[in-house]
Amino acid sequence: MAVCFCCFKPGAVAQTKYSLDQHILIEMMESRNAGATKVFKDISNTTEMMSIAVPAAVVIAGLIDNNSSTLKKGLYLAESAAATTFVTFGMKYAFQRSRPYMVTPGLTKVSGGGGPSFPSGHTSLAFATATSLTLAFPKWYVAVPAYAWAASVGYSRMYLGVHYPSDVLAGAVIGAGSAWLMYKANKWLFKKKPGINDLRPAL
(Lines give C-alpha, C1' and ligand atoms only; values in the text may rest on other atoms or scores of the structure.)
Protein backbone atom coordinates (compact mmCIF):
# COMPACT_ATOMS: atom_id res chain seq x y z
CA MET A 1 0.00 0.00 0.00
CA ALA A 2 2.80 2.41 0.89
CA VAL A 3 4.47 1.77 -2.48
CA CYS A 4 1.20 2.57 -4.23
CA PHE A 5 0.89 5.87 -2.36
CA CYS A 6 4.34 6.89 -3.52
CA CYS A 7 3.78 5.93 -7.15
CA PHE A 8 0.32 7.42 -7.38
CA LYS A 9 0.46 10.83 -9.09
CA PRO A 10 -2.95 12.54 -8.99
CA GLY A 11 -3.91 14.65 -11.98
CA ALA A 12 -3.82 18.40 -11.70
CA VAL A 13 -6.75 20.04 -10.01
CA ALA A 14 -8.96 21.96 -12.42
CA GLN A 15 -7.72 25.49 -13.14
CA THR A 16 -4.54 25.05 -11.09
CA LYS A 17 -1.03 23.95 -11.89
CA TYR A 18 -0.78 21.79 -8.77
CA SER A 19 -1.27 18.09 -8.19
CA LEU A 20 -3.96 17.11 -5.68
CA ASP A 21 -1.30 16.65 -2.97
CA GLN A 22 0.11 20.10 -3.67
CA HIS A 23 -3.29 21.75 -3.98
CA ILE A 24 -4.26 20.54 -0.50
CA LEU A 25 -1.05 21.90 1.00
CA ILE A 26 -1.47 25.29 -0.70
CA GLU A 27 -5.00 25.60 0.70
CA MET A 28 -3.75 24.66 4.18
CA MET A 29 -0.94 27.21 3.92
CA GLU A 30 -3.40 29.95 2.97
CA SER A 31 -5.49 29.19 6.06
CA ARG A 32 -2.56 29.38 8.50
CA ASN A 33 -2.60 31.76 11.44
CA ALA A 34 -0.07 32.37 14.19
CA GLY A 35 -2.06 30.66 16.95
CA ALA A 36 -2.78 27.47 15.01
CA THR A 37 0.78 27.34 13.71
CA LYS A 38 2.16 27.38 17.25
CA VAL A 39 -0.27 24.66 18.35
CA PHE A 40 0.62 22.38 15.46
CA LYS A 41 4.34 22.96 15.94
CA ASP A 42 3.94 21.91 19.57
CA ILE A 43 1.92 18.82 18.61
CA SER A 44 4.49 17.82 15.99
CA ASN A 45 7.32 18.24 18.51
CA THR A 46 5.68 15.79 20.96
CA THR A 47 6.16 12.81 18.64
CA GLU A 48 9.62 11.61 19.59
CA MET A 49 9.09 12.43 23.25
CA MET A 50 5.84 10.43 23.42
CA SER A 51 7.30 7.47 21.52
CA ILE A 52 10.03 7.21 24.17
CA ALA A 53 8.11 8.32 27.27
CA VAL A 54 5.11 5.99 26.86
CA PRO A 55 7.09 2.71 26.60
CA ALA A 56 9.50 3.90 29.32
CA ALA A 57 6.63 4.72 31.69
CA VAL A 58 5.06 1.28 31.18
CA VAL A 59 8.41 -0.49 31.66
CA ILE A 60 9.10 1.49 34.83
CA ALA A 61 5.62 0.72 36.16
CA GLY A 62 6.23 -2.98 35.53
CA LEU A 63 9.57 -2.87 37.33
CA ILE A 64 8.16 -0.97 40.31
CA ASP A 65 5.21 -3.35 40.67
CA ASN A 66 7.37 -6.38 39.82
CA ASN A 67 4.71 -7.18 37.20
CA SER A 68 6.14 -9.18 34.29
CA SER A 69 3.01 -8.67 32.17
CA THR A 70 3.23 -4.88 32.39
CA LEU A 71 6.96 -5.03 31.75
CA LYS A 72 6.44 -7.06 28.57
CA LYS A 73 3.80 -4.59 27.41
CA GLY A 74 6.32 -1.79 27.75
CA LEU A 75 8.90 -3.74 25.79
CA TYR A 76 6.31 -4.41 23.08
CA LEU A 77 5.62 -0.67 22.81
CA ALA A 78 9.34 -0.01 22.39
CA GLU A 79 9.67 -2.78 19.79
CA SER A 80 6.84 -1.28 17.75
CA ALA A 81 8.48 2.15 17.74
CA ALA A 82 11.82 0.64 16.72
CA ALA A 83 10.24 -1.44 13.94
CA THR A 84 8.36 1.46 12.38
CA THR A 85 11.44 3.69 12.57
CA PHE A 86 13.49 1.07 10.73
CA VAL A 87 10.88 0.59 7.99
CA THR A 88 10.19 4.30 7.60
CA PHE A 89 13.79 5.38 7.19
CA GLY A 90 14.48 2.48 4.85
CA MET A 91 11.63 3.62 2.60
CA LYS A 92 12.62 7.28 2.83
CA TYR A 93 16.06 6.64 1.38
CA ALA A 94 14.77 4.07 -1.10
CA PHE A 95 12.20 6.44 -2.66
CA GLN A 96 14.05 9.76 -2.16
CA ARG A 97 10.92 11.90 -2.57
CA SER A 98 11.61 15.64 -2.30
CA ARG A 99 9.89 17.66 0.41
CA PRO A 100 6.81 19.52 -0.87
CA TYR A 101 8.16 23.00 -0.11
CA MET A 102 11.19 22.21 -2.27
CA VAL A 103 9.20 21.51 -5.44
CA THR A 104 5.88 23.33 -4.99
CA PRO A 105 5.93 26.96 -6.19
CA GLY A 106 4.56 29.29 -3.55
CA LEU A 107 4.53 26.76 -0.72
CA THR A 108 6.46 27.69 2.41
CA LYS A 109 7.25 25.59 5.47
CA VAL A 110 6.94 26.84 9.03
CA SER A 111 8.76 23.99 10.77
CA GLY A 112 11.84 21.86 10.43
CA GLY A 113 11.79 18.90 8.11
CA GLY A 114 14.91 17.47 6.51
CA GLY A 115 15.66 14.35 4.52
CA PRO A 116 13.37 12.62 2.03
CA SER A 117 9.63 13.17 2.35
CA PHE A 118 7.98 9.77 1.80
CA PRO A 119 6.73 8.43 4.17
CA SER A 120 6.19 10.77 7.13
CA GLY A 121 8.38 9.61 10.01
CA HIS A 122 6.49 11.63 12.61
CA THR A 123 3.18 10.13 11.49
CA SER A 124 4.44 6.55 11.35
CA LEU A 125 5.92 6.85 14.84
CA ALA A 126 2.75 8.43 16.24
CA PHE A 127 0.49 5.74 14.78
CA ALA A 128 2.84 2.97 15.92
CA THR A 129 2.66 4.37 19.45
CA ALA A 130 -1.13 4.77 19.35
CA THR A 131 -1.75 1.32 17.85
CA SER A 132 0.63 -0.57 20.14
CA LEU A 133 -0.75 1.25 23.18
CA THR A 134 -4.30 0.34 22.17
CA LEU A 135 -3.39 -3.31 21.55
CA ALA A 136 -1.56 -3.55 24.88
CA PHE A 137 -4.36 -1.78 26.78
CA PRO A 138 -7.56 -2.38 24.76
CA LYS A 139 -9.80 0.22 26.38
CA TRP A 140 -11.73 2.99 24.63
CA TYR A 141 -10.30 5.60 26.97
CA VAL A 142 -6.84 4.56 25.81
CA ALA A 143 -7.64 4.25 22.09
CA VAL A 144 -9.56 7.52 21.64
CA PRO A 145 -6.93 9.96 22.98
CA ALA A 146 -4.08 7.89 21.48
CA TYR A 147 -5.49 8.00 17.96
CA ALA A 148 -6.66 11.61 18.32
CA TRP A 149 -3.07 12.56 19.14
CA ALA A 150 -1.65 10.47 16.28
CA ALA A 151 -4.10 12.01 13.78
CA SER A 152 -3.17 15.48 15.06
CA VAL A 153 0.49 14.73 14.46
CA GLY A 154 -0.25 13.67 10.89
CA TYR A 155 -2.34 16.79 10.24
CA SER A 156 0.36 19.00 11.74
CA ARG A 157 2.96 17.72 9.27
CA MET A 158 0.77 18.82 6.36
CA TYR A 159 -0.26 22.10 7.98
CA LEU A 160 3.37 23.01 8.58
CA GLY A 161 4.19 22.37 4.92
CA VAL A 162 6.75 19.60 5.40
CA HIS A 163 4.81 16.57 4.13
CA TYR A 164 2.36 15.68 1.39
CA PRO A 165 -1.00 14.10 2.36
CA SER A 166 0.18 10.88 0.71
CA ASP A 167 3.30 10.92 2.92
CA VAL A 168 1.08 11.16 5.99
CA LEU A 169 -1.33 8.47 4.83
CA ALA A 170 1.54 6.09 4.11
CA GLY A 171 3.11 6.89 7.49
CA ALA A 172 -0.14 6.05 9.28
CA VAL A 173 -0.38 2.70 7.47
CA ILE A 174 3.25 1.84 8.17
CA GLY A 175 3.04 2.82 11.84
CA ALA A 176 -0.19 0.96 12.54
CA GLY A 177 0.98 -2.01 10.47
CA SER A 178 4.31 -2.24 12.27
CA ALA A 179 2.58 -2.24 15.66
CA TRP A 180 0.11 -4.90 14.53
CA LEU A 181 2.87 -7.13 13.12
CA MET A 182 4.86 -6.83 16.34
CA TYR A 183 1.67 -7.71 18.26
CA LYS A 184 1.26 -10.88 16.18
CA ALA A 185 4.97 -11.72 16.51
CA ASN A 186 4.77 -11.42 20.30
CA LYS A 187 1.67 -13.63 20.48
CA TRP A 188 3.44 -16.26 18.42
CA LEU A 189 6.57 -16.01 20.58
CA PHE A 190 4.66 -16.40 23.84
CA LYS A 191 2.79 -19.42 22.52
CA LYS A 192 6.13 -21.03 21.67
CA LYS A 193 7.65 -20.40 25.12
CA PRO A 194 5.84 -22.06 28.03
CA GLY A 195 5.94 -20.19 31.31
CA ILE A 196 5.63 -16.66 29.92
CA ASN A 197 1.96 -16.80 28.95
CA ASP A 198 1.15 -14.14 31.54
CA LEU A 199 1.41 -11.61 28.70
CA ARG A 200 -1.09 -13.32 26.44
CA PRO A 201 -4.14 -11.45 27.72
CA ALA A 202 -2.44 -8.19 26.75
CA LEU A 203 -0.78 -9.27 23.51
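Details
- Cβ crowding within 10 Å averaged over residues, with 57-65, 159-167, 111-119 ranked highest first: 159-167, 111-119, 57-65
- The largest accessible area among Trp140, Trp180, Trp149, Trp188 belongs to the first residue in Trp140, Trp188, Trp180, Trp149, and the rest follow in falling order (1.4 Å probe, all chains).
- Taking label positions 7 Å along the Cα-Cβ direction at both Thr46 and Ala185, the computed distance is 2.8 nm, reported to one decimal.
- With at most 11 neighbouring Cβ atoms within 10 Å, loop trypsin sites (Lys or Arg not before Pro) (DSSP) excluded, longest segment of the chain: 18-138
- Cross-link table Lys139/Lys184; Lys139/Lys191; Lys38/Lys139; Lys41/Lys92; Lys73/Lys109, entries beyond 27 Å C-alpha to C-alpha: Lys38/Lys139; Lys73/Lys109
- Per-residue ³J(HN,Hα) for the range 113-124, Karplus 6.51 cos²θ - 1.76 cosθ + 1.60, θ = phi - 60°, Hz, x for Gly and Pro: x, x, x, x, 8, 9, x, 6, x, 4, 5, 5
- The equivalent ellipsoid of the chain has semi-axes of 35, 18, 12 Å, largest first, where each one is the square root of 5 times an eigenvalue of the Cα gyration tensor.
The values are calculated or read from the model by the stated rules, or taken from the named source; none is laboratory data. Not measured: the values here are computed from a predicted model. All Cβ positions, even for glycine, are placed from backbone atoms using ideal geometry, and neighbour counts span all protein chains on display. Accessible surface areas use protein heavy atoms only, side chains included; no ligands, DNA or RNA. Shrake-Rupley method; radii C 1.70, N 1.55, O 1.52, S 1.80 Å.
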